[in-house]
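Working notes, structure below.
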Protein chains: 2
Amino acid sequence: MRRLAAAVGEPITAIDTPALIVDLDALERNHERLLTSLSGLPVVLRPHAKSHKCPEIARWQMAHGAVGICCQKVSEAIAFADAGISDILVSNQVIGAKKIQDLCDLARRVRVGVCVDDLSNVKDLSATAQAMGVTVEVMVEIDVGAHRCGVAPGADALTMAKAIAEAPGLIFRGLQAYQGAAQHMRSQTEREAAVGRAIDLARMTRDMIVASGIPCPVIAGGGTGSYLIEAKSGVYTELQVGSYIFMDADYGRNDWPVNGMPAFEQSLFVLTTVMSRAVPGQLVVDAGLKASSVDSGMPLVADHPELRYVRASDEHGVIQYDRTHDQSLSIEAVRLGQKLRLVPGHCDPTVNLYDQLIGLKDNVVHRILPVSARGALL
Amino acid sequence: MRRLAAAVGEPITAIDTPALIVDLDALERNHERLLTSLSGLPVVLRPHAKSHKCPEIARWQMAHGAVGICCQKVSEAIAFADAGISDILVSNQVIGAKKIQDLCDLARRVRVGVCVDDLSNVKDLSATAQAMGVTVEVMVEIDVGAHRCGVAPGADALTMAKAIAEAPGLIFRGLQAYQGAAQHMRSQTEREAAVGRAIDLARMTRDMIVASGIPCPVIAGGGTGSYLIEAKSGVYTELQVGSYIFMDADYGRNDWPVNGMPAFEQSLFVLTTVMSRAVPGQLVVDAGLKASSVDSGMPLVADHPELRYVRASDEHGVIQYDRTHDQSLSIEAVRLGQKLRLVPGHCDPTVNLYDQLIGLKDNVVHRILPVSARGALL
C-alpha cells in the first residue's frame, strides 16, 4: 500500500507533495452559484463527471440538483454506476464490440444514454442491445461548430434520428449539441456569437425531427464557459458543465463574471514543495508534468502573483520572480521546503494524474476522496 | 476490477483502446544497441526507471547489464524495491521529513543513493539516517547547464561534498551532472557543445574535490540524446538513460544516427480507434490528453505519414490528411473502428497515464506489464 499524501484531520501544512487538494467549501459555493444562476430557467443539470472522476462528488451533485451525470468513457460510467449513480449519459461515441457490450451490460442496472454520429454504430448498438435484452437511450450528436464529432445539423441528423427510432433496443432521446470550441473563447461576445449559431442549428434540427413525427425531448450541451447562454436559449434542455466545481488557469483567462455568469472560484490546487533554490534567481518545485497538465499552459502560483511557473519537466517545475508585481514575497524569501499552491492549467487531465483528491475545509484535511475513474480509458 | 484492454495471446487487432502497447522485440533491440554502442567504454549503466515505471522492465535491464536503476521520487523507488531491485539512486532532491524518513527506511533493505544541492538538506538527511541507524549514499548535484537543480560547479560543490563526507549516516558518492537541456537539441553539434561544457565543469569539480582529499568515485549523467558523449568523456562513470527503450516523437526529431549514436527504434505506441468520421476531411480517434501527453507536441500517426494528429482534447484526437504525402491511405479510406498506432510526443508522462503496458511479440500480446510506479508522486 502506497503512503497517502495526507490523513484526515491534518492541517494543509502537513500534506506531503505533490498532492491534489480541493477546497470543499469553495467547491460547494461554485455549485450553489451555478444553481442560483440557473434559477427559473427550463433546464436540468447533468454535470460532466470526466472533470472530477470522483463518485463522492457525483453523489453530492446528485443530492444537490443534478438529474444524472455525463461520462466520456464506458469504463468511467461503470466506475460511477458501481458507486451508486443511476442515470449516466456517455456523451460520446462508443465504438467496438467490447465497449458496446460493456455499455449494454451497464444498461441492465442503470439508465444509460449514449451518443452516435454514424449509422453503422446505430446498427451495432441495436444488435447488441437486442441480443442482451436491454434498452439504451441514444442521442444524435450534431456538429454545432466544434468540428470534432457529430453529423451535420439538419437532414443528416434527421436520418440518424429515424434510424434510431426504428432500431430495436434503442430509444431516441434527443440531440447532443455541445459547442466545445466556445468554452475558452475569451470574450463573452465571442462566446455568445458561437453559441448563438449552435442554438440556431440545434433548434432547426430539433424542429425538423419533431416535424417528421419523432419526439426530440432532450437538447444537451453547455460547458462551464457558456452554459448560461444555452440555458437561456429556450432550445437546450440539459446542461453538461464539468469544470465549474474546480476551475483552472485556462478558464480563469475568460472574461468573467459577465451577463449573469457567476464568478466561479478556484477550488482545485496542486500543492507543491520548493525542493531546490540552488540556481540563482529561481525556485524549483516538486510538481512537474506528472503532477499538473500543461496542455493549456503552465500552472499559476496561487497567492503569489509575483511568482511565475515558467517551465515544467517530468518531475520539476521552475518558478521565477516576475518583477512587474510589487509584492512582499520575493524568490529570495521563499525557503526550501515551503509549500505553494498551484492553479492547474487544465483541471480535467490534472485530476486524471491522481488517485486521491484531498478535500479540505478551513485548511484542514476533511476527507480523502478517491478518484475512482482515474485512468478509466476504455 | 476494471476490464483490461487485452489478454495474453490476443492479436493486436483485438486490443481495446486506448491502450499503451510496447513491441518487446524492439525494446530489447534498443537495449542491445545501447550496450553495443557502449562496448569497451569505462562507464556503467544505471537506467532511469521514471520512463517505464515498470519493475519487470527494470529487472530485465538489471539482468542485461544495468548495475542499478535511477528513480526520481522516493515512492517510485519503494515500488521498485518492493519488486526486488536492490540498488536505487534517487537522482533528485528529497525534501521534507516524511520523504526523508521513507528514504532512510528504504535504506534498511536496499542500497540507496540520493542527490542534494542544499546544506540544510544534508543536515536533515544525516540526522534522520543517524537516528534510524542507516547509511545513505549522497551525490552532490551540480548545475552543468540545465539550470534546474544543482549547486554551481567548483567551490560550492566542494563545500557540499565536504559537509556530506563529514556527516554521520551519509557517504559521499560523487557528482550528479545531468545536462537535461542538451537531450533534445536537434543537432549533434549542439549536443556535443552543450555536453562538452558539462564535461569540463564535472571534471573541474571532481578534481577540486579529489584534491581536497575526498574520493569522488561516481560522475553520473547522460540521457538518451547525449549519453555517448558523456560515455566517451573519460569523466562520466555512470549513465542514466531512460527513454532509449521506448523513444518518442520528440526524440525522433533529433538528428540520429550520428557519431556512433545508434538509431533507437520506436517500441512504444498508443493504440487508438477511429471513433468518428462524421465531420468531413478528418478522423477522430479515442486517444486524447488522458491517453498521450502533448507537452512536447502532438503524437504522430505511425505507419501513416500522410495522417496528421492535429488537435487533442481530453478524450479525443483529431486527425487530418496531409496532402504533401503521396500515400495510398487517405482519410476516406480509414473506416470507423479501425485501429491506428500513435507515437507519443513524450514517452515518460504518457506511460504515467496507464496502469498496464501491453507487451507484444510479433503483434500478439505476450505479457501484460504492470506500471507499478504509475502515479508515484511523493
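The values are calculated or read from the model by the stated rules, or taken from the named source; none is laboratory data. What you see is a predicted model; the values in this text were computed from it and never measured. Every residue, glycine among them, receives a Cβ derived from its backbone with ideal geometry; neighbour counts consider all protein chains shown. In case anyone asks, the SASA skips ligands and DNA or RNA and just uses the protein heavy atoms, side chains included. Shrake-Rupley method; radii C 1.70, N 1.55, O 1.52, S 1.80 Å.
Taking into account only those residues within region B:365-378 that are within 14 Å of chain A (Cβ to nearest Cβ) and in contact with a helix residue (DSSP H, G or I) (Cβ under 7 Å, 6 or more places away or on another chain), which is most open to solvent (accessible area, probe 1.4 Å)? Ranking the qualifying residues of region B:365-378, first place goes to B:SER372. Select from region B:270-284 the residues that are open to solvent by 10 Å² or more (accessible area, probe 1.4 Å) and of a type in the set (A, V, I, L, M, F, W, C) and write down the one among them that is farthest from the other protein chains (Cβ to nearest Cβ). This residue is B:VAL279. Looking across region A:40-54, the residues that are buried (at least 23 other Cβ atoms within 10 Å of the Cβ) and either small (Gly, Ala, Ser) or in a helix (DSSP H, G or I) (or both) come down to A:ALA49, A:SER51. Residue count for region B:334-345 under the criterion of being farther than 13 Å from B:SER276 by Cα and within 11 Å of chain A (Cβ to nearest Cβ): the result is 1. Does B:ILE88 satisfy the criteria of being within 14 Å of chain A (Cβ to nearest Cβ), over 19 Å from B:GLU166 (Cβ atoms) and not in a helix (DSSP H, G or I)? Taking the combined requirement at face value, the residue does not satisfy it. Restricting the search to region A:266-284, which residues are more than 14 Å from A:PRO344 (Cα to Cα) and not in a loop (DSSP other than H, G, I, E, B)? A:THR273, A:VAL274, A:MET275, A:SER276, A:GLN282, A:LEU283, A:VAL284 - these are the residues of region A:266-284 that are more than 14 Å from A:PRO344 (Cα to Cα) and not in a loop (DSSP other than H, G, I, E, B). Determine whether B:GLY222 is out of contact with any strand residue (DSSP E or B) (no Cβ under 7 Å at 6 or more places or on another chain) and on the phi > 0 side of the Ramachandran plot. So B:GLY222 fails the test.
Of everything in region A:355-378 that is among the basic types (Lys, Arg) and part of a strand (DSSP E or B), the residue that is nearest to A:CYS71 (Cα to Cα) is A:ARG367.
Of the residues making up region A:80-90, those that are touching a residue at least 60 places away in the same chain (Cβ under 8 Å) and crowded, with 24+ Cβ neighbours inside 10 Å are A:PHE80, A:LEU89. Selection within region A:12-39: residues that are open to solvent by 30 Å² or more (accessible area, probe 1.4 Å) and outside any helix (DSSP H, G or I). The member of this set that is farthest from the other protein chains (Cβ to nearest Cβ) is A:SER39.
Among the residues of region B:347-364, which ones are within 14 Å of chain A (Cβ to nearest Cβ) and open to solvent by less than 30 Å² (accessible area, probe 1.4 Å)? Across region B:347-364, the qualifying residues are B:CYS347, B:ASP348, B:PRO349, B:THR350, B:VAL351, B:ASN352, B:LEU353, B:TYR354, B:LEU357, B:ILE358.
Any idea how many residues of region A:93-112 are in a strand (DSSP E or B), touching a helix residue (DSSP H, G or I) at 6+ places or on another chain (Cβ under 9 Å) and not aliphatic (A, V, I, L, M)? Matching residues across region A:93-112 total 1. Just one residue in the set B:ALA263, B:ALA291, B:ALA287 is surrounded by fewer than 22 Cβ atoms within 10 Å (Cβ to Cβ), assigned to a loop (DSSP other than H, G, I, E, B) and touching a Pro at 6+ places or on another chain (Cβ under 7 Å); that residue is B:ALA263. Quick check on my filter: what residues within region A:298-333 are within 13 Å of another protein chain (Cβ to nearest Cβ) and part of a loop (DSSP other than H, G, I, E, B)? Result: A:MET298, A:PRO299, A:SER313, A:ASP314, A:GLU315, A:HIS316.
Being in a helix (DSSP H, G or I), of a type outside the set (Ser, Thr, Tyr), under 17 Å from A:MET275 (Cβ atoms) and open to solvent by less than 40 Å² (accessible area, probe 1.4 Å) is a property that B:GLU76 has. Checked against (1) in contact with an Asp or Glu (Cβ under 8 Å, 6 or more places away or on another chain); (2) farther than 30 Å from A:ARG374 by Cβ, B:ALA66 meets all criteria but (1). The residues of region A:334-354 that are among the hydrophobic types (A, V, I, L, M, F, W, C) and either in contact with a Pro (Cβ under 7 Å, 6 or more places away or on another chain) or part of a loop (DSSP other than H, G, I, E, B) (or both), listed by number, are A:VAL334, A:LEU336, A:LEU342, A:VAL343, A:LEU353.
Among residues of region B:55-66 being of a type in the set (Gly, Ala, Ser) and surrounded by fewer than 19 Cβ atoms within 10 Å (Cβ to Cβ), the one that is nearest to A:GLN101 (Cα to Cα) is B:ALA63. Looking at B:VAL112, B:VAL134, just one residue is in contact with a strand residue (DSSP E or B) (Cβ under 6 Å, 6 or more places away or on another chain) and farther than 14 Å from B:THR205 by Cβ, and that residue is B:VAL112.
Among the criteria (1) within 14 Å of chain B (Cβ to nearest Cβ); (2) crowded, with 16+ Cβ neighbours inside 10 Å, the one A:ALA97 does not fulfil is (2).
Taken as a whole, region A:252-266 holds at least one residue that is away from chain B (no Cβ under 14 Å) and of a type in the set (Asp, Glu). Annotation note: of B:GLU315, B:GLU306, B:GLU332, the sole residue that is free of Cβ contacts under 8 Å to residues at least 40 places away in the same chain, more than 20 Å from B:ASP23 (Cβ to Cβ) and surrounded by 21 or more Cβ atoms within 10 Å (Cβ to Cβ) is B:GLU315. Scan region A:107-123 for residues that are more than 23 Å from A:ALA161 (Cβ to Cβ) and either open to solvent by less than 10 Å² (accessible area, probe 1.4 Å) or within 10 Å of chain B (Cβ to nearest Cβ) (or both) and report the count. Looking only at that region, the number is 0. A count restricted to region B:318-329 and to residues that are among the acidic types (Asp, Glu) and surrounded by fewer than 13 Cβ atoms within 10 Å (Cβ to Cβ) stands at 1. In region B:132-144, the residues that are within 11 Å of B:GLN179 (Cα to Cα) and away from every other protein chain (no Cβ under 11 Å) form Cβ pairs under 8 Å with partners that are open to solvent by less than 20 Å² (accessible area, probe 1.4 Å) and of a type outside the set (Lys, Arg), at six or more places apart or across chains, as follows: B:VAL144/B:GLY150; B:VAL144/B:ALA177; B:VAL144/B:GLN179; B:VAL144/B:ALA198; B:VAL144/B:ALA202; B:VAL144/B:GLY221.
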